[in-house]
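Everything on this sheet refers to the single structure shown next.
Derivation of every value follows stated rules applied to the coordinates shown; laboratory data play no part. This is a predicted model, so every value here is computed, not measured. Backbone-built Cβ (ideal geometry, glycine too); neighbour counts: all protein chains shown.
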Amino acid sequence: MFRGGSFLIALSISSIAWAQSSTQVVRVWDVTWRNAQTYDGTVTRVPVLRWAETEPPKTGSRYAPPPNLVDVVRLEERLRIAQRAKDGATIQQILSDQFFETDVNGAARDKSTAIQFLSRPEAPSFTADSLTARATDNAVVLIGEEADGARERRRFTHVYVREPAGEWKLLSSTLLPARR
């Protein structure tokens, strides 16, 4: 009887120690992009995640973003690359069938209208300077500011959802003029 009790106590203590050293998933991160060069000289933009919580991180604790947040941030950059290339096929893959957008002028677009608009040669291409990403298990919201060279700045909110097949898709986009 005494041995079983000591085993239970040892198991409880090891569980507490493991829980204290485990990585905590943080669901809100600031994202910026940096250019990185591969071994063959190709330059690509990679996301850099920074702490965005209101409370400072605790000393000795380990933190990580949820994997879905990183996947969606990469998908967002893939969308921007497709928009610059006027690649309607890639844009179609990324947008949800239920996609809906409201632009800075209040114009509304569904998926097919958005693909037609973004695939036009004269359609503007925006680059996100930075954003804040908030994640749940099945949705990621990206809020940030983007620029089209020196001509226009705007704020955006993109809502990505995990669809029943498990793929991440852009469900909603809202664009607003940037504050001056």
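I'd like the residue in region 79-107 that is of a type in the set (D, E, K, R) and under 17 Å from Glu146 (Cα atoms) and, out of all such residues, is surrounded by the most Cβ atoms within 10 Å (Cβ to Cβ). Per the stated criteria, the residue is Glu101.
Matching residues to (1) crowded, with 17+ Cβ neighbours inside 10 Å; (2) in contact with a strand residue (DSSP E or B) (Cβ under 9 Å, 6 or more places away or on another chain); (3) closer than 30 Å to Ala64 by Cα:
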position	(1), (2), (3)
Arg109	yes, yes, no
Ala114	yes, yes, no
Phe126	yes, yes, yes
Leu131	yes, yes, yes
Arg134	no, yes, yes
Leu142	yes, yes, yes
Glu146	yes, yes, yes
Arg151	no, no, no
Arg155	no, yes, yes
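How many of the residues making up region 47-88 are of a type in the set (Gly, Ala, Ser) and in contact with a helix residue (DSSP H, G or I) (Cβ under 8 Å, 6 or more places away or on another chain)? Count: 2. Pairing each residue of region 151-175 that is within 15 Å of Glu76 (Cα to Cα) and touching a residue at least 60 places away in the same chain (Cβ under 8 Å) with any residue that is small (Gly, Ala, Ser) and part of a strand (DSSP E or B), provided the two are 6+ apart or on different chains, yields C-beta distances under 7 Å for His158/Ser173; Tyr160/Ala139; Val161/Ser96; Val161/Ala139; Lys169/Ser96; Leu170/Ser96; Leu171/Ser96.
List pairs: first residue in region 38-63 and on the phi > 0 side of the Ramachandran plot, second residue of a type in the set (S, T, N, Q) anywhere in the structure, Cβ distance under 9 angstrom, at least six positions apart or on different chains. Hits for this filter: Gly60/Gln20; Gly60/Ser21. Checked against (1) in contact (Cβ under 8 Å) with a residue 24 or more places away in the chain; (2) over 19 Å from Asp30 (Cα atoms); (3) of a type outside the set (A, V, I, L, M, F, W, C); (4) part of a loop (DSSP other than H, G, I, E, B), Asp137 passes all but condition (2).
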